[in-house]
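Colleague: Here you go, one structure.
What follows is calculated from the coordinates using simple rules that are stated; it is not laboratory data. None of these values were measured; they are calculated from a predicted model. Neighbour counts run over all protein chains shown; Cβ positions are idealised from the backbone, glycine included.
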Amino acid sequence: MKQKKEFDFFDKPENIKKLWIMLYVICGLLIIPDSMTHRHAYFGFDSFFGFYALLGFVSCAALILFSKLVGLFLKVKEDYYDK
Amino acid sequence: MTSNFPPALILILGALLVPFFRGKAKNWYVILLPAAAFYLITQLETGSSWQIHFFGFDLTFLRVDKLSKVFGYIFTMNAVAAFVYAFYLKDNTQHMAALFYIGSSLGVVFAGDLVSLYFFWEIMAIASTFLILARKTKKAEAAAMRYILVHIFGGLCLLAGIILYITQTGSVAFNPMAERTLANYLILVGILVNAAAPPIHAWLPDAYPEATVTGGVILSAYTTKTAVYTLVRGFPGWEILIVVGCIMTIYGIIYALLENDMRRILAYSIINQVGFMVCGVGIGTMMSLNGTVAHAFCHIIYKALLWMSAGSVLYMTGKSRCTDLGGLYKTMPWTLIFGAIGALSISSFPATSGFTSKSLIIDGAVHEHLLWVWMVLEVASAGVFLHAGIKFPYFVFFAKDKGLRPGETNKSMLIAMAFMSFMCIFLGLFPKPLYDILPYEVHYNAYTFNHVIAQLQLLMLSALVFFLFLPLLKRTETISMDTDWFYRKGGRVFYFIMDKGLNGLNRVSDRVFVRGLAGYLGRISRDAPTRAALLALVPAWVMGGSTGEKLTQKKGLVRLALQTGTSPVGISAAVATVFLIVIFLFM
C-alpha cells in the first residue's frame, strides 16, 4: 500500500529561497512607513528613519555575538557535573 | 460572610482526597478543584477576613483586593488548563503535589500578613520539589535536592527579615515597605530568590527542565509569579529592582541562546520575562505596576503554553535536546501551531497578549524618562524573539529533519494548548477585560499605528538577524556553566581544598604530635625514674669503685627493678629523695 505523501514544504531548497525573499520584502516594507509618517519620539533620537529596525538588527547581532563569546568560556560537556 | 472562604483551602484540602478517586474520575476531580477556586475568587468581596489571633499576632488569611484577585484568577485558570493537559496522568503524587503547590501559591497571594505568607511560601517550596522528584531519574533527584536547598536558603532570609521586621515595627501586616532597613532588605532577598534574580537564579534552569512533563508546565507559573506578586505588594518603587530587572532580561537571553535543551531554553526565558516584571515594580508608577501585573497574567498563559508544547514533544519523542530534535512540523503540526502562538506572544508580536501587556511596562519607563531602562527593555524585547520566539520553534520543529516521526500528541494536551492559544490571541486583540481587573485604572491603547510598525520593525529585523547568523547558532551538545557551578562544582572544589587542607593538617599533626611527640614524651616519662635513679646512683657507685663490667651489671639491675616495680627499698628511697630535691629546687 502506498503511504500518504508527507508534508515536507520546509525541506525543499526552492521553498526556503522563497521564504528568504519574503522575509527581506517584509523587512523592507516595514521601513517604508517611517518615511511617510512622523513618529512621535520618546527621547528625540528615536524618531529617525528606521530607528526600530536598526535597533532590532544591531541589538540582536550584538546579543548573538556576545553570547557566542561568553559561550567560549561557559559551554562545557554535558557530563561536566557528573565527573 | 459565607462567600468569603480562602481559595487556597479548596485546593489544599481537596488534594487530600485525590487518592480516593479512580481512573478518569481522578482527572475530572483535579480539574474541578481549581475551577471551583476560580469561581470562588469571582465571588470574593473586597476586604479582610479570616483573621485569627495567634501567639499575639493578628493573622489575616484572606485579604481581597484587586491585586490579590487578579493573581488569583490567573493562578486558578492556569491550573485548570494544566490539569486538562495532564488528563492522561494517573500519578497521585504529582496531582497532590501540584494541588498543594498551587493552593499554597493562592495562600501567599491572599495572605494579609507576613507570618501566614511565610507559612504558605514554605509549603510551596516543599510541594514543588515533589514535581521534580516525580520524574524519578537520578538527575531529577539531584536537581530536586539542590532546588530545595536553595529555597531553604531563600526561606531563611525571608524568615530572618520577617522576624526583624516584626520586632522593629511590632506589626505583622504585609503592606508596601518604604524604609530601607536590614529587615526589609532581607525580605527582599528572600523574595528575589524565588523570582530567580541573578546570582541566585540558577535553581530554575537547573531544576525545572528535570521536572516531569506536566510538572514543568505547572512549575513555570507559580514560584516566580508569587514572587512578582509579593514584590508588587511590598516593594513598589524600589530603584534597585530596576537594575535587577534589566540584568535579568539580558541574562536570560544570553543563556537561552547558549542552551541546547529546549526546556532549558524556556527556563532561561522565564528569567528574561520576570526581568521585565521586576523592572516594572522598580519603576513603581501606576502604569508600570499595572504593566507588571498584566505581563505576569499574560506571561503565565503563554509560558505555560510553551512548556505544554515542549512537554508534548518530550512526551512523544522522549527527547528534549535541540540536537536530537528537528523536522517535527511534519508529524506534530498542531503542537507546532500552538507552540508558535506561545512563541509569538512571548515576543509581544502585535495581536498577541505579550504586545498588550509588555508595552505597559516599557511605556512606564518612557513616562519616567528612564532612557537607559527603556533602551535595555527594547533590546531585550528584540532578544526575546531570537531565543524564545524563533530559536525554540525553529530547532524543535524545523531545522534538520532527524527522522523522528512521533505523530501528534494526545487530545487532552491539544485541548489545553488550544485553550491557552485562544487566550493569548484574545487578550492580544481585546485586552480590555484584562485591563479592567488590574490594580489601577488603565488609559492605554497599544494599537497605535506607529507603535505597531515600530514593534514589527524590531521583531522582523530580529528574525532576519537570526537567520543570517544561523551558522553561529548551530547547536552543540553542551550545557553552560551558571552560578550553580559554585555549589555543584565549587562544592567539590571546596571539599577538595578542605580534604587536602584540613586532612593534610590532620595527618601532619598525627605524625608530629600523636605518634612523634607523644611517643617521645611517653618514652621519656616511662624512663624518668630509671634515669633519675641512675643519675643519683652512678656517681656513688663510681666513687665506691665499681667500674666497667660491674657498673653495667648494676645499671641493668636498677633498670629491671624500676621497670617491673620491684626495686629494693634503698633504691626507691634514693629515687624519691632525688625527686624531692628536684621538686624542691625547681618549684
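Colleague: Mind jotting down the distance between the C-alpha centroids of the range B:345-416 and the range B:216-292, whole Å?
Modeller: Between the Cα centre of the range B:216-292 and that of the range B:345-416, the gap is 14 Å.
Colleague: While we're here: Assuming R0 = 41 Å, what is the FRET efficiency of A:LYS17 and B:MET498, from their Cβ-Cβ distance, to the nearest 0.05? Kindly include the intermediate steps, with their values, before the conclusion.
Modeller: Values: r = 61 Å, r/R0 = 1.48.
With a Förster radius of 41 Å, E is 0.10.
Colleague: What's the local net charge at B:ILE346, with K and R +1, D and E -1, over the other residues with C-beta under 10 Å away? Kindly include the intermediate steps, with their values, before the conclusion.
Modeller: On the way: positive: B:LYS303, B:LYS358; negative: none.
Result for the local shell: +2.
Colleague: Here's another thing I want to ask about it. What are the equivalent ellipsoid semi-axes of the protein assembly as shown, built from the alpha-carbon gyration tensor (square roots of five times its eigenvalues), in whole angstrom, biggest first?
Modeller: Values: eigenvalues 888, 204, 142 Å².
Gyration-tensor ellipsoid for the protein assembly as shown: 67, 32, 27 Å.
Colleague: So what is the relative contact order for the range B:489-586, in percent, with contacts set as C-alpha pairs under 8 Å and at least six apart? Can you show the working numbers first?
Modeller: Numbers: 29 pairs, mean separation 27.2, N = 98.
Reported as a whole number, the value is 28 percent.
Colleague: Please work out how much length the chain gains when fully extended from A:PHE43 to A:LYS5, using 0.36 nm per residue of separation minus the C-alpha to C-alpha distance, in nm with one decimal.
Modeller: Details: separation 38, 0.36 × 38 = 13.68 nm, distance 5.51 nm.
Fully extending the segment from A:PHE43 to A:LYS5 adds 8.2 nm.
Colleague: Using a 7 Å offset from the Cα along the Cα-to-Cβ direction at both B:ILE163 and A:VAL25, what is the distance between the two label points in nm, to one decimal?
Modeller: So the label points at B:ILE163 and A:VAL25 sit 6.9 nm apart.
Colleague: Round to the nearest 0.05 the FRET efficiency obtained for B:THR137 and B:PHE586 when R0 = 56 Å and r is the Cβ-Cβ distance.
Modeller: Efficiency at R0 = 56 Å is approximately 0.20.
Colleague: Taking the Cβ of B:ALA399 as the center, what net charge do the other residues with Cβ under 13 Å away carry, scoring Lys and Arg +1 and Asp and Glu -1? Present the calculation step by step, with values, prior to reporting the outcome.
Modeller: Numbers: positive: B:ARG321, B:LYS330, B:LYS391, B:LYS400, B:LYS402, B:LYS474, B:ARG475; negative: A:ASP11, B:ASP324, B:ASP401.
So the environment of B:ALA399 carries a net charge of +4.
Colleague: Now a separate question. Kindly state, to the nearest 0.05, the FRET efficiency for B:LEU17 paired with B:LYS90, given R0 = 22 Å and r defined as their beta-carbon distance. Let's see the in-between values first.
Modeller: Working: r = 15 Å, r/R0 = 0.70.
The calculated FRET efficiency here is 0.90.
Colleague: Let me ask something else about it. Would you kindly derive the ³J(HN,Hα) couplings of the range B:119-134 from the backbone phi angles with the Karplus curve 6.51 cos²θ - 1.76 cosθ + 1.60 (θ = phi - 60°), listing them in order in whole Hz, with x for Gly and Pro?
Modeller: Computed from phi, the couplings for the range B:119-134 are 4, 5, 4, 6, 4, 3, 4, 6, 4, 5, 4, 5, 5, 7, 4, 5 Hz.
Colleague: Can you compute 3J(HN,Hα) from phi for each residue in the range B:342-347, using the Karplus curve 6.51 cos²θ - 1.76 cosθ + 1.60 with θ = phi - 60°, rounded to whole Hz and x for Gly and Pro?
Modeller: x, 5, 5, 5, 5, 7
Colleague: Grab the other residues whose beta carbon is less than 10 angstrom from that of A:PHE10, score K and R as +1, D and E as -1, and report the net.
Modeller: Working: positive: A:LYS12, B:LYS330; negative: A:ASP8, A:ASP11, B:ASP401.
Within the 10 Å Cβ shell, the charges total -1.
Colleague: List the extent of the Cα atoms of chain B along each of their three principal axes, largest first, rounded to whole Å.
Modeller: Principal-axis extents of chain B (Cα, largest first): 126, 63, 58 Å.
Colleague: Right, something else. For a paramagnetic label modelled at 7 Å from the Cα of B:VAL578 toward its Cβ, which residues of the range B:519-541 fall within the zone defined by backbone nitrogen distances under 15 Å?
Modeller: Under cut-off, by backbone N: B:524-541.
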